[in-house]
Amino acid sequence: MKNLFESALIALDAIWSAKLRSFMTVLGNIVAVTSIIAVVSLIQGLNASVKQAILNQAGADSFNVQQFPITRSDEEFDKVRSNPKITMDDLRAIRRNTDPELVSAVMADSNGRGRVTYRDKSIDNMQVQGVSPEYVNFSSFDAERGRLMSATEVESARPVAVIGWQTADRLFGTQDPIDKTLQIEGVHFKVIGVSAKRGSLLGNSQDEFAVIPLGQFWMIFGSRRSLSLSVKPRDLAQIQPAMDEATIALRSARRLRPKQGDNFGLFTSDTILDIYHSATNGIFAVLVGVVALSLVVGGIVIMNIMLMAVTERTREIGLRKALGARRSDIMAQMLTESVVLSIFGGIIGTILGSAIAIGISSVTPVPASIEPWSVALGIGITALVGLFFGLYPAMRAARLDPIEALRRE
């Protein structure tokens, strides 16, 4: 440990004595690590933002039944285009024909967009969601201020609403929105709750919405729209058996023959996340891989400079060997210098990359998330680059003959 510490001090002294050359040596590493940290931070931020948005919409504790399954091409969609709409009959079929020990709640909801106004302020094309009474059992609904609609209010189609954080901010400003009356497509609703802030996804707010009873939704937007069903297992570990029972219940209610495929879609939030990751992981990997190539270039530069340093310091190395330094000592010294030099570039690159990611996040809708593991990975990779590309110059220095080395001017 003492020898390693002394080697590090000698390496730092050598780096400091040739500051400009040292900086130019690690410039490739600085650019590479800066790019990697910035790209990885933006990717991590985007992934976290997308995951949270999906969980807000689909819910982490339930699975969804919709008219169409997830399709990846026009040909796949053509096969399911004629699927019948999801109706309240489907909800009743799942509720009636599934084991209560597996399924604890089934909710129906429908989404539309409309104009929401309060006095002289309005929001056009805002998301309006109608829900059935069971919605109170699902974690994707909350009220930071006020309260949620009761099951009785929803069942009797009372004109009440729970609005998003930004809806409240835009329409009411500093006023308390609770018990105020707004209009959705000209119909009056009393605000009884405001949801917690969810943030935005790529500049699109997740906080502009209103949740109203499904009966009121039908009166405004019509009852011919297809519903979406959310099914909550009693135990999240039993989600797959619950999905199997819901599938059987729907197939039976729709009188599907054994050889016929499902004419509905059934999936969880994990299904959507898996599709997102499968679509983006390849792109992200290529992006990071292309950026990481500059690390190899930086490593080659370090190797060339270290070879030049060995040539310049031949007499110094010969003198040390003549005074008793072993091959392992010379090799350790040169390797330590290479690794310290490379880590120095990695630290600067990490600071610059983090600053760039934060800067991009502050002026664009793209979020950034600087993870400790990415910082450790960036610095760790530069250490390995310094070790790998410093190995040959270190071996060459260690093999120098002290007599021949001392003869050189």
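Coordinate-derived values only; no laboratory data. Every value quoted in this text rests on a predicted model; they were computed, and no experiment measured them. All Cβ positions, even for glycine, are placed from backbone atoms using ideal geometry, and neighbour counts span all protein chains on display.
Observations
- Using the Cβ of VAL194 as centre and a radius below 14 Å, the other residues enclosed give a net charge of 0, where K and R count +1 and D and E count -1.
- Multiplying the residue separation of MET308 and ASP142 by 0.36 nm and subtracting their alpha-carbon distance yields 53.2 nm.
- For the range 336-382 and the range 77-154, distance of Cα centres in Å: 44
- Highest to lowest packing among 257-263, 356-362, scored as the average C-beta count within 10 Å: 356-362, 257-263
- Cα Rg, Dmax (largest Cα-Cα span) when computed across the range 337-383, Å: 12.3, 42
- When each of LYS121/LYS180; LYS85/LYS259; LYS121/LYS197; LYS51/LYS79 is checked by Cα-Cα distance, pairs over 18 Å: LYS85/LYS259; LYS121/LYS197; LYS51/LYS79
- Cβ-based net charge around ARG72, under 14 Å, with every Lys or Arg adding one and every Asp or Glu removing one: -4
- Note: relative contact order over the range 57-196, using C-alpha pairs below 8 Å and six or more positions apart, is 22 percent.
- Highest average packing first - 213-221, 333-341, Cβ atoms within 10 Å: 333-341, 213-221
- Taken one residue at a time, the phi angles of the range 239-252 give Karplus couplings (6.51, -1.76, 1.60, θ = phi - 60°) of 5, 5, x, 5, 5, 5, 5, 5, 4, 4, 4, 5, 4, 5 Hz. Gly and Pro are set to x.
- Counting every C-alpha pair in the range 93-176, the share spaced more than 22 angstrom apart comes to 38%.
- Of the two radii for the range 110-264, the radius of gyration is 1.04 times the Kirkwood radius, both from the alpha carbons; that is the Rg over Rh value.
- Separation between Cα centres of the range 223-243 and the range 164-212, rounded to whole Å: 27
- Count Lys and Arg as plus one, Asp and Glu as minus one, and take only other residues whose Cβ is under 14 Å from that of PRO100; the net charge is then -1.
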